[in-house]
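Structure, as structure tokens:
The values are calculated or read from the model by the stated rules, or taken from the named source; none is laboratory data. Not measured: the values here are computed from a predicted model. Neighbour counts are summed over all protein chains in view; Cβ atoms, including those assigned to glycine, are modelled from backbone coordinates with ideal geometry.
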């Protein structure tokens, strides 16, 4: 069953919410590929999802450092553990195992849990950084600009 973005998953940080929605679209694409029994498509979706998710992790970790989130090292470690777990799935699918539905369930559970229980922790730091930037006359998205500089 495809998952839909629901308002309770919004962090209120546009760039992060957009990235999370994109990850959900990969999860839904994985389900479609799995339903169609298209192993090459399943592998492609998994590879694309992993690449995108790793980029998202790097973006999020840089954002956390930029706003002074005190638990950024712990958050990075959580990302690393998850990335290692997903790398195992990639290896299994490369060796011909049918892991699409198992991976789908893992991704859904992890993403929703991670957003609601872990990502929510750094939101106040991002918002405070934005407010500080506004008070000092900086563009409120100053951290976003620096990430891409």
- Looking only at segment 84-95, count how many residues are without any contact (Cβ under 8 Å) to a residue 12 or more places away in the chain and either part of a loop (DSSP other than H, G, I, E, B) or in contact with a helix residue (DSSP H, G or I) (Cβ under 7 Å, 6 or more places away or on another chain) (or both). 1
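Each row is one residue, and each column tells you yes or no for (1) within 26 Å of residue 122 (Cα to Cα); (2) in contact (Cβ under 8 Å) with a residue 24 or more places away in the chain; (3) crowded, with 17+ Cβ neighbours inside 10 Å; (4) in contact with a helix residue (DSSP H, G or I) (Cβ under 9 Å, 6 or more places away or on another chain).
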residue: 4; (1), (2), (3), (4): yes, no, no, yes
residue: 16; (1), (2), (3), (4): yes, yes, yes, yes
residue: 41; (1), (2), (3), (4): no, no, no, yes
residue: 44; (1), (2), (3), (4): no, no, no, yes
residue: 67; (1), (2), (3), (4): yes, yes, yes, yes
residue: 78; (1), (2), (3), (4): yes, yes, no, yes
residue: 82; (1), (2), (3), (4): yes, yes, yes, yes
residue: 102; (1), (2), (3), (4): no, no, no, yes
- Could you list all residues from segment 104-149 that are assigned to a helix (DSSP H, G or I), surrounded by fewer than 13 Cβ atoms within 10 Å (Cβ to Cβ) and either modelled with pLDDT under 80 or touching a strand residue (DSSP E or B) at 6+ places or on another chain (Cβ under 7 Å) (or both)? 131, 134, 135, 145, 146
